[in-house]
Amino acid sequence: MSTPQAIRGTQDIFGAEAEAFAHVVETFERVRKLYRFRRIEMPVFEKTEVFSRSIGETTDVVSKEMYSFEDRGGDSLTLRPEFTAGICRAFLSNGWQQHAPLKVATHGPLFRYERPQKGRYRQFHQLDAEILGAGEPQADVELLVMADQLLKELGIADGVTLMLNTLGDGASREAWRAALVDYFRAVQGELSEDSQERLEKNPLRILDSKDPRDKVFVGDAPKIDDFLSDEAQAFFAKVTGGLDAAGVQWTRAPSLVRGLDYYRHTAFEFVTDRLGAQGTVLGGGRYDGLIESLGGAHTPAVGWAAGIERLAMLVGDSGKAFEEPADFAVVPSDANHLDRAMKIAAELRSDGYSVDLPFRGNFKKRLKKADEVQAAYAILLGLESAYQDQITLKNMVTGQQTNIDESHYRNAIRDPKYLDILGGAPRPGFGRRFRQASSI
């Protein structure tokens, strides 16, 4: 019988990659709290119409990539391919309008049946942040500043560029769309097959085409700036002015578009060349017409999403280590001291220290494991040099050790002067969790 294999387009994450993944999520959680975004949890599947109505029946996501199935009750359900539609559904069905403007954030797995490639999977994970019920340009600015800070705190901001554009208000966008149809219709036969199909339904997406046949004509296509109303120009000016005031660098990208009609005003992507062809690490925009398309009242909204796998790849490439050394390893000399070792490990962990408790092998092998996990100190139990009510504290860097009465060892190890007698400072990061907890 053959060994079961993972489904194509999925991955099992372990070791340094898993630690980088967790670091991305932990950093996101910390940053979203700084900006007062409220945490939400969403169902992994929704009724199919939630996505088909919001993403668009003619898009590749709906027509080719969604994992849809019929449940036992005969309803068509779909594993979520993105977060925004489900969040808008929840906004309507749960009466969250009473909290508007509502700032929410979440993260988790999404599902799309597409060709797996570097940083892109059929089950993938995203961070997501949205502001619902806010039509002010300051909402766009806050989301962008938040995204910029996230990338900086992850240590991956260098080489990542914020590409920014405006799609204008409804009237501006419609005038631009009509001009694009006229322009591309004149060269329709020379466009790619996909762009010929999009010409009448979704001409803005031609501007984002990667096909060389389309790129020839994109450069001279009508620009949104020629169709912006005074109100749309003022909105974009406030967005760019806010970014400048916050010290966020940006680059104008006039070909950056969102094809669906409910998108308005700001569109943006943070891009890098460190991920091959798939260079976007975070993207989003303002979708003032989406909630209305789902049957709600007109509700302005703006948001972004970022691929956790892609961010983790950049974090991993930065060379930062995430498997932190242990503060302590508790090493019993024999089986008679196992319960005692468990008690001490539990006490240290409750104090906020990270502890490794080797549970296999003789004393020598357990002490070797303490060195492998880079423990700053080892607490040795049952050595002949110590009395029955003493522990032996060993500095794993210098090798020096001393005996302490077990009744007050917890106070002793908090005293830097005491630890200095073992030959100097411990490994970097020692007691980090304890210091953070005690400073609150």
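Read-outs: derived from the displayed coordinates by stated rules, not from any lab. Just so we're clear, the structure is a prediction, and the values are computed from it rather than from any experiment. Reconstructed Cβ throughout: ideal geometry from the backbone, glycine too, with neighbour counts over all protein chains shown.
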About the Cα centre of the chain, how large is the charge dipole given +1 on each Lys and Arg Cβ and -1 on each Asp and Glu Cβ? Please answer in debye to the nearest 20. 1120
Residues Phe184, Phe227, sorted so that the one with the fewest Cβ neighbours within 10 Å comes first: Phe227, Phe184
Starting from the Cα of Glu372, step 7 Å along the direction of its Cβ; do the same at Lys343; then give the gap between the two resulting points in nm. 2.9
Selection from Ile308, His337, Ser293 lying farthest towards where the dipole of the range 264-376 points positive, charges on Cβ: His337
Could you put Lys394, Lys215 in order, starting from the residue whose Cβ has the fewest other Cβ atoms within 10 Å? Lys215, Lys394
Built amide H within the under 5 Å cut-off of Val331, gap 5+: Ile379, Leu380, Leu381
Fewest-first ranking of Thr266, Thr392, using other Cβ atoms within 10 Å as the exposure measure: Thr392, Thr266
Among Leu199, Phe69, Ile156, which residue has its Cα positioned farthest towards the positive end of the charge dipole of the chain, with +1 placed on the Cβ of Lys and Arg, -1 on the Cβ of Asp and Glu, and the dipole taken about the Cα centre? Ile156
Using alpha carbon centroids, what distance separates the range 185-257 and the range 97-137, in Å? 23
Farthest toward positive dipole pole in the chain [+1 Lys/Arg, -1 Asp/Glu at C-beta], among Ala370, Ala100, Leu127: Ala370
Relative counts (whole %) of C-alpha pair distances in the range 1-109, using bins that are 10 Å wide: 11, 31, 33, 21, 3, 0
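Counting pairs of Cα atoms in the chain, how many percent are more than 32 Å apart? Present the calculation step by step, with values, prior to reporting the outcome.
Details: 49527 of 96580 pairs.
Everything past 32 Å amounts to 51 percent.
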With runs of 4+ DSSP H residues as the only contributors, calculate the mean residue ellipticity of the chain at 222 nm using -39,500 (n - 2.57) per run, divided by the residue total and rounded to the nearest 500. -10500 deg cm²/dmol
Per the C-alpha gyration tensor (a ≥ b ≥ c, the square roots of its eigenvalues), the range 190-282 is rounded if a/c is under 1.5, else prolate if a/b beats b/c, else oblate; here it's oblate
Calculate, for Lys152 and Lys64, the FRET efficiency according to 1/(1 + (r/R0)^6) with r their C-beta to C-beta distance and R0 45 Å; round to the nearest 0.05. 0.80
In nm, what is the difference between 0.36 nm times the number of residues separating Ala178 and Glu190 and their Cα-Cα distance? 2.4 nm
